[in-house]
Structures are given as C-alpha cells and as structure tokens.
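Shown next, in structure tokens, is the structure this report addresses.
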Amino acid sequence: MAIRTDEPPATPGQKAATMFNAIYVTRDEDKNVSSAFTQLDDADLPQREVAIDVEYSTINYKDGLAIAGRPGVVRSYPIVPGIDLAGTVTASTDGRYSAGDKVVLNGWEVGESYWGGLAQKASLDADWLVPLPSAFTTEQAMAIGTAGYTAMLCVLGLEEHRVTPDGGPIVVTGASGGVGSTAVAILAKLGYEVVASTGRPEESTYLTDLGAAEVIDRSELGEENPRPLQSTRWAGAVDAVGSFTLANVIAQTLEGGCVTACGLAQGMDLPTSVAPFILRGVTLVGVNSVYEPFERRKLAWDRLAADLDPDKLAAITDVVGLSDSIKVADQILAGQVRGRVVVDVNA
Ligand SMILES: NC(=O)c1ccc[n+]([C@@H]2O[C@H](COP(=O)([O-])OP(=O)(O)OC[C@H]3O[C@@H](n4cnc5c(N)ncnc54)[C@H](OP(=O)(O)O)[C@@H]3O)[C@@H](O)[C@H]2O)c1
C-alpha cells in the first residue's frame, strides 16, 4: 500500500459547519512550532476512506515530541497529533468497514504525516485500521496504545528467538514508562522472571505489583563506555531506552540470548562492538511498530487480549481530558509519566 503525502492545507475556523475539538500543531515562517487546544471545522479535516468519531487517544513518547515541536516526528504542518486512536466508524468508502464498527489505529505515520487521534474526529485509510478486539473497550485499547502494542511486539520477538520462561531473567529497561510497564505485566503473566530497571526507585512497589520479581536501579546499567562483554545476567531484554543502557544490556546477555530494542529515551547511540553477537551468539531484534502489516498487528492485539491482565492494565493507566494533552506531553518528555496516559477526547 502506498502512503499518500497529499494532505491539503487546512486553516481552522474559516467555514461555517460542525466544529470539533482538537490539539492543533502549527509552524510559523520562522519554524517556531506551537500547539494549542482548539476547535476545527469538519471541512478542514483531510478526507480519507474511513470517517471516525474518536473516543479515546493517548500520549506516547512520540506524541510528546510532536506536541513539543521537537524535530524528527512531524513531517507535515499544520497537523493534529496523536499516533493512536480508538473510536467508532461513522462512514466508509471501503467495504471492510461500515458505520458503527469499532476500530483501533496505531502508527502508519498518523500523527506524523497525517492528522491523528488527538481530536474528536479523524479520517483515515482502511488499511491502517484494526477492528477493536472484542476483549477491549476503546478506552482499554488506548491504555495499551502504541506503547503496549510495541511491548507485545517485543515479547513476540523474544518468543520467536527461543527465549522461554525457564531460560533465565528478562530485563525491562525504562520499566516505569509505557512500553516498560506493559512489558513487565505481559512477561510476568507469561511466567518469565522479570527484572525491572528504573531510574525511579519510588516506583518499586508499582513494578513488583505488575509482576516484576526484582527492581534494579538504572545505574546498574549505567556504564557510559561499557565493556562489550560483561558477566552475564539476562536471557533476554525489552529495551525502551537505547544508548549505553542498551549496550550494557547486550554486554550482560547470556549465550544465545535475545535483546529487543524499540526505544531511544536515553539516546540514539549504541556504544558496543560485535563481540556479544559473534562470541556469545546474542541476537539484537529491532522493533518498529509503525509499519507492521495487518496480520502481525492482529496477532499482537490477539496476544494482548490473551496475555495482558485487565487489572494490571487498569493499574498502569491514568485518564485525562483532551485539553490536558499539552501538559502531559511535557511531562512524558521529562520522564515524569508513570505507565500510560489515556486521553478522553470528549472530556
Ligand atoms: N519502535 C517503536 O515502534 C516504538 C513504539 C513505541 C515507543 N517507542 C519508543 O520507546 C521509548 C519508550 O516509549 P514510552 O511511550 O514507553 O515512553 P515513556 O512512557 O516516556 O517511557 C520511557 C521510560 O524510559 C526511561 N527513561 C527516560 N529517560 C531516560 C534516560 N535519560 N535514561 C534512561 N532511562 C530513561 C524512564 O523509565 P524509568 O523512570 O522507569 O527509568 C521512562 O519512563 C521511546 O523512545 C519511544 O519513542 C518506539
């Protein structure tokens, strides 16, 4: 499927029609980016195949970057941010969806190149959507969001590389964050011994309640120029942090182990060598949730329905109104958000 990049320019509030609430990110001639909670006109919404009344969205780390105007996320201004949404179809030109269907959207450059979920209305391509799994409400689907769906992709990566619960501990980095919290809960339910690495020792009880067997301070993975081979501790890893944390994790991974890398909360660099790969047979699995094909998305959502305890999901989730999104975006970039933040776009 080709991704179109032909978003028409939109100017809010010029035509008299139905208005809807949205977060709107604009860039001026001097390239200053600003975000506002505003009202947009129906006619401004770029029309795609499926019209959706959004019920819930969420704030992921990437949404924080987009709303704060950090470079590298938004490719087309102005834009409604929000890489995730769940809601109800109101009209569709594609036969796979009709009015009344509940759907979920994660990724596909929505909220980056295309208008996204932090609004009461969205219009998206049918190929990007997944039917809402019957196990979840739209609110629960957004409690999972891209962060939780990515955590599941990481777990699938471990399983596909023969990391089993009896093989040894799994370390989860950035454990108090969205990817990390969900990964801890899923892995613990599957019977893995989970070691949660966090810079927030005050969240130890939160992490053990999610199922972590042990909580370590992130400083234990904090060697900035790490030796590429260290004493081994981990059969596998879910890393949401990157940089020297990931290098330390790789250096401590057992012979034949597997490290899944999905994030860069610490940085994009990776100060390691080939030694762990060629001398210990460690596998580094990259995870990019954005363009996963429909069948893999469906698999991940089905596994989330089976392997994520709804009580644990509730425990990691806070709900805010749409106008709070800008404040939460700053908080997530400052590492101050615990777990997941759902946005009720109608509140
Ligand atoms: N590849 C993909 O498809 C994909 C999908 C989703 C997310 N991601 C990426 O995964 C990362 C996590 O996303 P998220 O939504 O879970 O974000 P998040 O909720 O902000 O979690 C990130 C966590 O990383 C830790 N952290 C933050 N700054 C750090 C630093 N300087 N050094 C070490 N640890 C730090 C913190 O955990 P503690 O306080 O517990 O240490 C923080 O809670 C982001 O980089 C995001 O862009 C990628």
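One residue stands out among those in the range 318-347 that are more than 12 Å from the ligand (Cβ to nearest atom) and of a type in the set (V, I, T): the one that is farthest from Y206 (Cα to Cα), which is V345. Annotation: of all residues in the range 263-291 being near the ligand (Cβ under 10 Å from one of its atoms) and within 20 Å of E220 (Cα to Cα), the one that is nearest to the chain's Cα centre (by Cα) is G263.
So that you can scan it fast, the table gives a plain yes or no per residue for (1) in a loop (DSSP other than H, G, I, E, B); (2) in contact with an Asp or Glu (Cβ under 7 Å, 6 or more places away or on another chain); (3) among the small types (G, A, S):
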| site | (1), (2), (3) |
| --- | --- |
| S57 | no, yes, yes |
| K62 | no, no, no |
| G72 | yes, no, yes |
| S76 | yes, yes, yes |
| P81 | yes, yes, no |
| D94 | yes, yes, no |
| A99 | yes, no, yes |
| L105 | no, yes, no |
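L105 falls short of the stated requirement of being touching a residue at least 60 places away in the same chain (Cβ under 8 Å) and buried (at least 24 other Cβ atoms within 10 Å of the Cβ).
Residue pairs whose Cβ atoms lie under 9 Å apart, sitting 6 or more positions apart in sequence or on different chains, and linking a residue in the range 22-35 that is on the phi > 0 side of the Ramachandran plot to a partner that is assigned to a strand (DSSP E or B), do not occur here.
Being part of a helix (DSSP H, G or I), within 15 Å of the ligand (Cβ to nearest atom) and surrounded by fewer than 23 Cβ atoms within 10 Å (Cβ to Cβ) is a condition met by at least one residue of the range 208-216. Among the residues of the range 218-230, those that are crowded, with 17+ Cβ neighbours inside 10 Å and outside any loop (DSSP other than H, G, I, E, B) comprise R218, L221.
Yes/no per residue for (1) among the aromatic types (F, W, Y); (2) closer than 27 Å to G178 by Cα; (3) surrounded by fewer than 24 Cβ atoms within 10 Å (Cβ to Cβ):
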position: V25; (1), (2), (3): no, yes, no
position: K31; (1), (2), (3): no, no, yes
position: F37; (1), (2), (3): yes, yes, yes
position: Q47; (1), (2), (3): no, no, yes
position: I59; (1), (2), (3): no, yes, no
position: G72; (1), (2), (3): no, yes, yes
position: G100; (1), (2), (3): no, no, yes
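Scan the range 123-131 and give yes if some residue there is at pLDDT 95 or above, aromatic (F, W, Y) and out of contact with any Pro (no Cβ under 9 Å at 6 or more places or on another chain), otherwise no. Yes, the range 123-131 contains at least one residue that is at pLDDT 95 or above, aromatic (F, W, Y) and out of contact with any Pro (no Cβ under 9 Å at 6 or more places or on another chain). Applying the criterion of being in contact (Cβ under 8 Å) with a residue 60 or more places away in the chain and basic (K, R) to the residues of the range 323-347, the residue that is surrounded by the fewest Cβ atoms within 10 Å (Cβ to Cβ) is R338. Within the range 242-281, the set of residues being of a type in the set (D, E) and within 19 Å of H161 (Cβ to Cβ) comprises E255 only.
Select from the range 231-278 the residues that are in contact with an Asp or Glu (Cβ under 9 Å, 6 or more places away or on another chain) and surrounded by fewer than 20 Cβ atoms within 10 Å (Cβ to Cβ) and list them in ascending order. Across the range 231-278, the qualifying residues are T232, S243, P271. Residues in the range 160-207 that are in contact with a helix residue (DSSP H, G or I) (Cβ under 8 Å, 6 or more places away or on another chain), surrounded by 24 or more Cβ atoms within 10 Å (Cβ to Cβ), of a type in the set (A, V, I, L, M, F, W, C) and part of a loop (DSSP other than H, G, I, E, B): A175 alone. For the range 166-195, the tally of residues that are more than 18 Å from the chain's Cα centre (by Cα) and either under 17 Å from I250 (Cα atoms) or within 12 Å of the ligand (Cβ to nearest atom) (or both) stands at 7. Scanning the range 285-311 for residues that are surrounded by 19 or more Cβ atoms within 10 Å (Cβ to Cβ) and touching a Lys or Arg at 6+ places or on another chain (Cβ under 9 Å) turns up S289, L308. T137 fulfils the conditions (1) away from the ligand (no atom under 11 Å from the Cβ); (2) touching a strand residue (DSSP E or B) at 6+ places or on another chain (Cβ under 6 Å); (3) free of Cβ contacts under 8 Å to residues at least 60 places away in the same chain; (4) not acidic (D, E) except for a single criterion, (2).
Among the residues of the range 267-306, write down those that are outside any helix (DSSP H, G or I) and among the charged types (D, E, K, R). D269, R280, E292 - these are the residues of the range 267-306 that are outside any helix (DSSP H, G or I) and among the charged types (D, E, K, R).
The values are calculated or read from the model by the stated rules, or taken from the named source; none is laboratory data. Note that the structure is predicted; figures quoted are calculated from it, not measured. Positions of Cβ are generated from backbone atoms using ideal geometry, with glycine treated the same way; all protein chains shown enter the neighbour counts.
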